[in-house]
Amino acid sequence: MADEGRHLEVFLYRLRELGVADPEAEIERRASRSLLLFKRRLLELVASKDWEAAIFAQNVILESLEFAVFRSHAQDADPITAEVLKGVIKDERRHIGFGENELGRRLVASPHIRARLGQVKKELDHLVLDTLEETIQHIGLARTEEDRVGRAYLESVERLGFLR
């Protein structure tokens, strides 16, 4: 959580450097409907103490999406933003690894969890892919790049054995 708080601080600072007067309001204004629905569902999983599902949603699904989008955006961003994104990407890679390792251990101990996580993935995939599409349109990537980023996200999720 400390890493995520730091990411937010860095992004807000960078937005101010780029001339955005109220970065927090701008984030709220630009957030995709699908991402807001994903956020609501993730918070519901945390509130219900469905820890495996919450770890899966945050540290596998969401972190994989962020990793794929940030990596792609860093290629075309201005040099300072690209450097910021590269630093965040390193953290996201670690966060994904944590999620995969933690869930891997839990799946070995309790294989029945796999069915629950499969349901969560099925429930959230359309929100993630819709968010991905909206985000890529916002940052102006070509359709071929959108397909590549979408595949990168799905491959990350599939490493735990969850197929589309």
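The values are calculated or read from the model by the stated rules, or taken from the named source; none is laboratory data. Because the structure is predicted, anything quoted here is derived from the model rather than measured. Cβ placement follows ideal geometry from the backbone for every residue including glycine, while neighbour counts extend to all protein chains displayed.
Overview of results
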| read-out | value |
| --- | --- |
| The one condition in (1) under 15 Å from the mean Cα position of the chain (by Cα); (2) modelled with pLDDT under 85; (3) charged (D, E, K, R); (4) closer than 21 Å to residue 146 by Cα that residue 71 fails to fulfil | (2) |
| Meets criteria (over 15 Å from the mean Cα position of the chain (by Cα), closer than 23 Å to residue 19 by Cα, part of a helix (DSSP H, G or I) and without any contact (Cβ under 8 Å) to a residue 60 or more places away in the chain) for residue 119 | no |
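Residue by residue, here is whether (1) surrounded by 13 or more Cβ atoms within 10 Å (Cβ to Cβ); (2) at pLDDT below 85 holds:
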position	(1), (2)
105	no, no
108	no, no
114	yes, no
130	yes, no
163	no, yes
